[in-house]
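These notes concern the structure reproduced below.
The values are calculated or read from the model by the stated rules, or taken from the named source; none is laboratory data. Quick caveat: nothing in here was measured; it's all calculated off a predicted structure. Please note: Cβ atoms are built from the backbone with ideal geometry, for glycine as well, and neighbour counts cover all protein chains shown. When the accessible area is computed, the model is the full protein with side chains, heavy atoms only, and any ligands, DNA or RNA have been set aside. Shrake-Rupley method; radii C 1.70, N 1.55, O 1.52, S 1.80 Å.
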Amino acid sequence: MAFASSRTPPSPPDYIPEAAPLLKLVVAGGFGVGKTTMVQAVSEMRSLHTEQKMTAASVPVDSLEHTPDKTTTTITMDFGRLTLDPRDPRAPVLYLFGTPGQARFHEVWKDITYGARGAVLLLDLRRPQESYEAMDLLEQSGIPYIVGINDFADAPYVSDTTVRKGLDLTATTPLIHFDARDRNSAIDALIRLVQHVMTIYRQDAVR
Amino acid sequence: MPRREPPREIPAYLATGGRTRPHHPLPDMLTRLVWTRVDSDTLLTPAQQALFDAVRGGSLTLADAAVYLRQPLFAIRILASDLIEHELIQAAPPSAQSDISFLETVLHGLRKLKDTA
């Protein structure tokens, strides 16, 4: 470039190798169940995108007609990246997306679940109902998922049978216990998820 | 990891010129934006230029570009669509990796990561 920029250049974006296949996985669940914790525990890099208060002036006219009282929108994205082998430019890169806590982020949900191969639905046994809505949304999206009980120390004991009944979980949906803060434990959850997705793909192949 | 300095802040509606829909639908936010190796002689808006500059350095997903440029996804889609129209970048959707062998590779990689953690 002929003209040097007068301002200090920002640090470069976090590029990914062009040959690396990408896999999108979702960490779903209600508010405070440990989604961010899990994304953070397994990712080498985490990106947080919380911003854009849309004022009435920036809201497109057509959407204003449908929601006349709406003046602000917050768009959030929380995801982590996990390169399976940093020395190999062809190694798969996992993108782990945390879902937004509230239903009003349906647009974000659509974006997050588009093309996702699988999801871990996080459950906090102290407040299991926090994750019910996320579970409904997952069901609607058709993404294969497993249920991961985030084992908080002060959580009450609830038998897996009771949890399954409460969630109305099909027998084939894996239910696991893990610690979202612990990297190995969180990776175990991902392993279980990928296995589950493989099982489903295999069944589809047979059909 | 400390948060990176935001490179630029342009309100989304200014970045997109008030448009809300891209010409090229880019539904998957893991779609990669890749520079076509053509340098721009078209006059780009600051927001378009910012995305172009970012993509010139290497391939970026829509999601990564949104975080880097601190713009909502819809704005990035519109800007990317503009640059595609100018033939300055190409969009590479993530391939449909639904085959078992790819997932085997992922599984193997995850297990190895666990061993080294």
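For chain B, the longest principal axis of the Cα atoms and the long axis of helix B:73-85 meet at an angle of about 70 degrees. Between B:Ile10 and A:Gln129, the FRET efficiency estimated from the beta carbon spacing at R0 = 45 angstrom works out to 0.65.
Other residues within the sphere of radius under 9 Å centred on the Cβ of A:Arg81, judged by their own Cβ, net out at -2 (K and R +1, D and E -1).
Treating r as the C-beta distance of B:Val38 and A:His106 and R0 as 45 Å, the FRET efficiency rounds to 0.75.
For region B:1-90, a crude dipole built from +1 on the beta carbon of Lys and Arg and -1 on the beta carbon of Asp and Glu, taken about the Cα centre, is about 300 debye to the nearest 20.
If you sort the three axes of the alpha carbon gyration tensor as a ≥ b ≥ c, you get a/c under 1.5 for region A:84-207, which makes it rounded. Given A:Lys35/A:Lys165; A:Lys165/B:Lys114; A:Lys110/B:Lys112, which pairs have Cα atoms separated by over 30 Å? Going by Cα-Cα distance, A:Lys165/B:Lys114; A:Lys110/B:Lys112 fall outside the 30 Å limit.
With a simple spin-label model that places each label point 7 Å from the Cα along the Cα-to-Cβ direction, the separation between A:Thr173 and B:Arg111 comes to 2.8 nm. Looking at region A:141-174, the chymotrypsin sites (Phe, Trp or Tyr not before Pro) that sit in a DSSP loop and have at most 16 other Cβ atoms within 10 Å of their own Cβ are A:Phe152, A:Tyr157.
With the cut-off at under 19 Å, measuring from each backbone N in region B:16-52 to a point 7 Å along the Cα-to-Cβ line of B:Ser95 picks out B:28-35.
Taking a Cβ cut-off of under 11 Å around A:Phe31, the surrounding Lys, Arg, Asp and Glu residues balance to a net charge of -1, with basic ones at +1 and acidic ones at -1. Its Cα centre serving as origin, region A:100-158 has a Cβ charge dipole (Lys and Arg +1, Asp and Glu -1) of approximately 100 debye. By a 1.4 Å probe calculation restricted to protein chains, A:Leu193 has an accessible surface near 0 Å², given to the nearest 10.
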